[in-house]
Amino acid sequence: MRHFYTILFSILSLSTFGQELTKGVIMPGPGWSFDSYVYIPTSGLSAYNKPGGKKIAQIQLGKPDVNGDIFGAFIKVNEEVTEYSNSNFDVVGYDVIALIYTDIRDKFVRTNNGYWLSIDELASECLHPITWMDYLINREDVLGWYANDPGLNLRTGPSTTSDIILTLKGDLFDITPTQEVKGLWCKVKVTEYREHPCLGDEDLIIRTLSGWVKLLSDDQKPNVWCYDKGC
């Protein structure tokens, strides 16, 4: 029903500049077998008030729609069940969403609204927190990554003091990350198109370039986007 892509999982990702990357998304690994558009196990996930603290809530799958598909989640606090806000998720595939985390500490990750999840419990359910950097450089089912507005500078090195090769804007500059990373920066291959490849025409490539882009913002969020639903 959906294409599950291979991602290099990591619990903590430290850049070569010594900066700890502490934000990312919680993705399934080998052994994940739950048939849902939301990466939450059917048994739910315990939510704590702090790392190693008291369990105060449970994150649960939402109700199936008329076709039996689940696209949302609930949170149960003191026996009261309410809808779990979409601000706690990010789209990671065709109609597929995953929990995001905003901090990692003492084998716990913090959700966007402040609850803490146990990494050990996540692993027992075949779920793993990966940094946004690992997610961007290892996701395989995208047409390409494109620069967020107002654009992204392609530079000769991983620094704002490096020379600018080109400013990438719009969806005619296809950004392909490599595994070479320094802090918030990533070495990339850029393909410039005359028209978007989804049009199906031939001889669309103008040129290819390589260089460095600041793939994550200062607050460690992606500086790029993609067409999650394809062409």
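Using 0.36 nm per residue of separation minus the Cα-Cα distance, give me the extension gain between residue 229 and residue 180 in nm, one decimal. Numbers along the way, then the final one.
Details: separation 49, 0.36 × 49 = 17.64 nm, distance 2.73 nm.
Full extension from residue 229 to residue 180 adds 14.9 nm.
Where does the charge balance sit around residue 217 when Lys and Arg score +1, Asp and Glu -1, over other residues with C-beta under 13 Å from its C-beta? Don't jump to the answer; show the numbers that get you there.
Values: positive: 23, 214, 221; negative: 149, 218, 219.
Around residue 217, the charge tally is 0.
To the nearest 20 debye, what is the magnitude of the charge dipole of the chain about its Cα centre, counting +1 on the Cβ of each Lys and Arg and -1 on the Cβ of each Asp and Glu?
Numbers: 21 positive and 30 negative charges, 155 e Å.
Here the size comes out at about 740 debye.
How large is Rg over Rh for segment 146-225, taking Rg from the Cα atoms and Rh as the Kirkwood inverse mean of 1/r across Cα pairs? Display every interim value, and only then the final one.
Values: Rg = 12.6 Å, Rh = 12.9 Å.
Checking Rg against Rh, the ratio lands at 0.98.
Gaussian network model of the chain, Cα springs within a sub-10 Å range: biggest mean-square fluctuation belongs to which of 67, 148, 88?
67
Taking only Cα atoms and a 10 Å spring cutoff, compute GNM fluctuations for the chain and point out the largest among 74, 173, 89.
74
Each residue of segment 188-202 in order: what ³J(HN,Hα) in whole Hz does its phi give by Karplus 6.51 cos²θ - 1.76 cosθ + 1.60, θ = phi - 60°, with x for Gly and Pro?
Once θ is set to phi - 60°, the couplings for segment 188-202 become 9, 9, 10, 10, 9, 10, 6, 9, 5, x, 4, 6, x, 6, 9 Hz.
Have a look at 130, 66, 33 and report the one farthest towards the positive end of the charge dipole of the chain, computed about the Cα centre with Cβ charges (Lys/Arg +1, Asp/Glu -1).
So the residue furthest toward the plus end is 130.
Select from 103, 120, 65 the residue whose mean-square fluctuation is largest in a Gaussian network model of the chain (Cα-Cα springs shorter than 10 Å).
Taking springs between Cα atoms under 10 Å, the residue moving most is 65.
Per the chain: cysteines with no other Cys C-beta under 4.7 angstrom?
Here 126, 186, 226 come out as lacking a disulfide-compatible partner, given the Cβ-Cβ threshold of under 4.7 Å.
Which peptide among 216-223, 104-111 comes first, and what is the full order, when sorted by highest mean count of other Cβ atoms within 10 Å?
On the way: 216-223: 15.2, 104-111: 18.5.
Averaged packing, sorted descending, gives the order 104-111, 216-223.
For the peptides 195-203, 33-41, what is the packing order when you average, over each peptide's residues, the other Cβ atoms within 10 Å and list the highest mean first? Provide the component values of the computation, followed by the final result.
Values: 195-203: 10.9, 33-41: 17.7.
Top to bottom by mean Cβ count within 10 Å: 33-41, 195-203.
Given charges of +1 on the Cβ of Lys and Arg and -1 on the Cβ of Asp and Glu, with all other atoms neutral, how large is the dipole of segment 146-225 about its Cα centre, in debye to the nearest 20? Could you put the intermediate results ahead of the total?
On the way: 9 positive and 12 negative charges, 82 e Å.
With only Lys, Arg, Asp and Glu charged at Cβ, the dipole is about 400 debye.
From the helices alone, meaning DSSP H stretches of at least four residues, give me the mean residue ellipticity at 222 nm for the chain, per-run term -39500 (n - 2.57), in deg cm²/dmol to the nearest 500.
Numbers: 2 runs with 13 residues, N = 231.
Value at 222 nm, helices only, nearest 500: -1500 deg cm²/dmol.
Would you list 231, 126 from fewest to most Cβ contacts within 10 Å?
Ascending number of Cβ neighbours within 10 Å: 231, 126.
Compute the Kirkwood hydrodynamic radius of segment 68-184, taking the inverse of the mean of 1/r over all pairs of distinct Cα atoms, and give it in Å to one decimal.
Values: mean 1/r = 0.0579 Å⁻¹.
When all Cα pairs of segment 68-184 are included, the Kirkwood radius is 17.3 Å.
Please compute the Kirkwood hydrodynamic radius of the chain from all pairs of different C-alpha atoms, in Å with one decimal.
Working: mean 1/r = 0.0529 Å⁻¹.
For the chain, inverting the mean 1/r across all distinct Cα pairs yields 18.9 Å.
What is the spread of the Cα atoms of segment 62-106 along each of their three principal axes, largest first, in whole Å?
Sorted largest first, the three principal extents are 40, 32, 16 Å.
Across segment 13-138, how many lysine pairs, 8 or more positions apart or on different chains, have C-alpha atoms separated by under 24 Å? Please give the number.
Number of lysine pairs found: 13.
Given the options 86, 143, 231, identify the residue whose Cα lies farthest towards the positive end of the charge dipole of the chain (+1 on Cβ of Lys, Arg; -1 on Cβ of Asp, Glu).
Checked the options; the winner is 86.
Computed from the coordinates by the stated procedures, all read-outs in this text should not be read as laboratory data. Given the structure is predicted, the values throughout are model-derived calculations rather than measurements. Methodologically, a virtual Cβ is constructed for each residue, glycine included, from the backbone with ideal geometry; neighbour enumeration extends over all protein chains shown.
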